[in-house]
Every structure is written in structure tokens, then in C-alpha cells.
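The values are calculated or read from the model by the stated rules, or taken from the named source; none is laboratory data. In this text the structure is predicted, and so the values were computed from the model without any measurement. Backbone-built Cβ (ideal geometry, glycine too); neighbour counts: all protein chains shown. Areas reflect the complete protein model, heavy atoms only, side chains present, ligands, DNA and RNA absent. Shrake-Rupley method; radii C 1.70, N 1.55, O 1.52, S 1.80 Å.
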Amino acid sequence: MTATTDETAFAAENVFGKGDPNTAFAQYFIGNSFLKNLVEDEQCAVGVHNVTFEPGCRNNWHVHHATTGGGQVLICTAGSGWYQEDGKDAVSLEPGTVIFTRAGVKHWHGARADSWFSHIALAVPGENTSNEWLEPVDDGDQTVGGEGVAFDDEAIGADEGLSFDDEAVDADAGLSFDSEPRLVAASRRRPSS
């Protein structure tokens, strides 16, 4: 199962559970999202959360800032969604897709109109990290290969989104990446028999 609006069927696939209503960041989402902290140990230098989006829910445009390191990793676990960087086509998110968003890249992510969606979000450690929440996603500007992205029952012309307690992140324990911003999306592949 991938895309479904059936919450019961989705719950059976969502191995980390739906979580609690994401009320702390509701103002930065269109629709309802749910948040579940997956690592309770305060010694963990990486924020690890499962985020669940109801069908059509997405977060606002946002940027994860850092002077070095930083950014966000999304590991898609259930349902079907979208990810988009500013000025680029949206990327389909399916279970097994992994996205690395470099610090400083304006982007958004969320569920397709016809599906619940969950991903694990990892806050990449860095120096002077912060999140900047921006404007809601403008339906008319979002495209996939020139085609409209559907947020409701019809396609539209042409989807922490999380915030983590950045003070709890040990900057010296961060990961390092080369400096050129890019999107990395890799789908899980089953070995051939």
C-alpha cells in the first residue's frame, strides 16, 4: 500500500505511529499534522521525529539555517507525499525515499491530496542552527515536470517541516557535507531474485 485516504489502512503501515497533534507548529501547516519524538535521550545530538500528515496537509516554505553543517534528512516511511525546493519541480515521496535538505535551502514537504503520509525527520547538527518559517505554499506555483501538484481533488496549474530544539544539538558532533546545495532522493530498491 502506498497512497490511501483510509486512516485505518494507513495506520497499519505507519510503523512509528501517528503521534500527537502538532499543535506547537500548527500555524506553519496547512491541514493537520502529528508529531512523535522517537529518541527521548537528551544525550542524542540529532533530533529524530516521526511526522504524520493528513491527506493534503503540508508545511509552509521554510529554511533550516546553519553557519556550518545543519539541514534536515527526511526518511519516508508510509503513505505518499511531496517535497519541493524553491525554483525546482516537486519530488514524489514514497516509502523508502530519502531526502537531504542542505542548510539555507528554501523548501516544503507534505502529503498528497489522496494520501496520509509519514516521514522521519532528522535535524542535522551544525553550528548556529535555526529554522525560519516562511509563507504558506502557493498552490498555483507548485509543479512536477510542468504538471500541477494536487492538494485537493483536482490538480492545480503551471506540497520540525519541523523545528527542533537547536540549543540541545552539540555542534561539535555534527555531520559534515560538501558546500554545494543539492537535493538527494533515493528510493529503496528490493534485491532481485
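Distance between the modelled labels on His65 and Lys88, one decimal in nanometres: 2.2 nm (7 Å Cα→Cβ projection). Taking all protein chains together and a 1.4 Å probe, the residues Ser115, Ser130 rank Ser130, Ser115 from largest to smallest accessible area. Rg/Rh for the stretch 74-133 (Cα atoms only, Rh after Kirkwood) is 0.98. Of the peptides 89-98, 22-31, 38-47, 74-83, the ranking by mean beta-carbon count within 10 Å, highest at the top, reads 74-83, 89-98, 22-31, 38-47. Multiplying the residue separation of Asp41 and Lys106 by 0.36 nm and removing their Cα-Cα distance gives an extension gain of 20.4 nm. Translational diffusion coefficient of the stretch 6-128 (Stokes-Einstein, Kirkwood radius from Cα pairs, 37 °C, 0.692 mPa s): 226 µm²/s. Per the Cα gyration tensor, the stretch 1-44 maps to an equivalent ellipsoid with semi-axes of 22, 17, 7 Å, ordered largest to smallest. Here the stretch 19-49 and the stretch 100-124 have alpha carbon centers that stand 13 Å from each other.
Sequentially through the stretch 78-94, phi angles give Karplus couplings (6.51, -1.76, 1.60; θ = phi - 60°) of 7, x, 9, x, 10, 9, 8, 9, 3, x, 10, 5, 5, 10, 5, 10, 10 Hz, Gly and Pro residues having no value and appearing as x. Computed extension gain for Ala9 through Glu135, at 0.36 nm per residue and net of the alpha carbon distance, reaches 42.1 nm. Here the ratio of the Cα radius of gyration of the stretch 20-87 to 2.2 N^0.38 Å is 1.21. Remark: the stretch 106-120, residue by residue, has Karplus-estimated 3J(HN,Hα) of 6, 7, 8, 7, x, 7, 5, 5, 9, 7, 5, 7, 9, 9, 8 Hz, where x stands for each Gly or Pro and the curve is 6.51 cos²θ - 1.76 cosθ + 1.60 at θ = phi - 60°.
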